[in-house]
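Every number in this text was worked out from the coordinates using simple rules, so none of it is lab data. Only a predicted model underlies this, so the values are computations on that prediction, with no experimental measurement involved. Quick reminder, even Gly has a Cβ in these numbers, built from the backbone with ideal geometry, and neighbours come from all protein chains shown.
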Amino acid sequence: MKVTRKQLRRLIEGMIGYPDKPPVSAKKYLSSDQHVTKLSSLLQSDDLASRGQGIGLGAALGDDTLDVLDRMSPDRMNTFIDDTDPLNKDEALMQSIFYQLEGRSPWREKQVESYFTTNLSGEEFEVVIDGDILTDIYETIADGGDPEAMQIAHDYLNTGFLRANPEVANWYNSNVSTDQNFQGYASFSDFYFKQKFDDIHLYGILPYEFDVVMWNRYTQGVNFHIWTPLNRDRPLTVDVDAAARGKVYGLAKSLGLPSQGNGSHPLSYFFYEPKKGEIAIG
């Protein structure tokens, strides 16, 4: 089994990077006094071969952290151990949360309760969204497939969504026949994503959900703040970087936090579900 440096970070943080513990430093772990004397002399040796021998011995004795190190190639392992730029505590906690929640989606095989709202007319409809579709959209965004995710949303909004929510279908069809602002669009989803005259939002699948240019412009130089059941006492604050979009949508999917509408130009990208968690950017 080959483990990359990034994967090793995730594995170690996932195993022992819990909210009440600091991020793991492999160097400090090898230097700790919790190892038996003979093993400690090997782990703390300046000779890389001896250190590697000690790691292999510790792994054979059942030490989980040393086992992860032992699975790496010697060069990669030594590079990681001697890294002088460890993760800060919030980054370590975030990686721990991602590790523990990876692959999870509470939306699968369920109907997710949501709202469809309009601003000018002040109408609000209680609606449901297919949980499998919502999961697929967020997972696809997290994997960097924004155009593919938008196509999933387009196909669903024109079919399954309207069938499951006839009140919205009736609202749209009645307005198409009487209001020119609703006319000239190829379909309901085409109207939903392109119209500019009203702040119309389906919470969970927002009209600006797939606007990566807007995301990049809005999130430049800001932080995102995360509350989950694993860090109830304080928000986890992490700088937005190039990988942040994937992290946010992946975490929102794993925790079951649908995106929340807040006008056509949001004060923040905001994902929320009572008792489950919250993600805010800005």
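List of remarks:
- At full extension, N119 and Y185 could sit 21.8 nm farther apart than now, given 0.36 nm per residue minus the alpha carbon distance.
- Once the chain from N175 to D239 is taken as fully extended at 0.36 nm per residue, the excess over their C-alpha distance is 18.7 nm.
- Annotation: aspartates and glutamates with alpha-carbon distance below 12 angstrom to K110 (same-chain offsets under eight excluded): D130, D132.
- Descending semi-axes in whole angstrom, ellipsoid equivalent of segment 109-179, from the Cα gyration tensor: 25, 14, 11
- In segment 111-281, the inverse of the mean reciprocal separation of distinct Cα atoms equals 16.7 Å; this is its Kirkwood hydrodynamic radius.
- K276 versus N78: modelled label distance in nm, points set 7 Å from Cα along the beta carbon direction: 4.8 nm
- Under 14 Å, Cβ to Cβ, from D211 - net charge with Lys/Arg +1 and Asp/Glu -1: +2
- Within the shell defined by Cβ-Cβ distances under 11 Å, the residues around D146 carry a net charge of -3, with Lys and Arg each +1 and Asp and Glu each -1.
- Length released on extending from L101 to D198, taking residue separation times 0.36 nm less the Cα-Cα span: 31.2 nm
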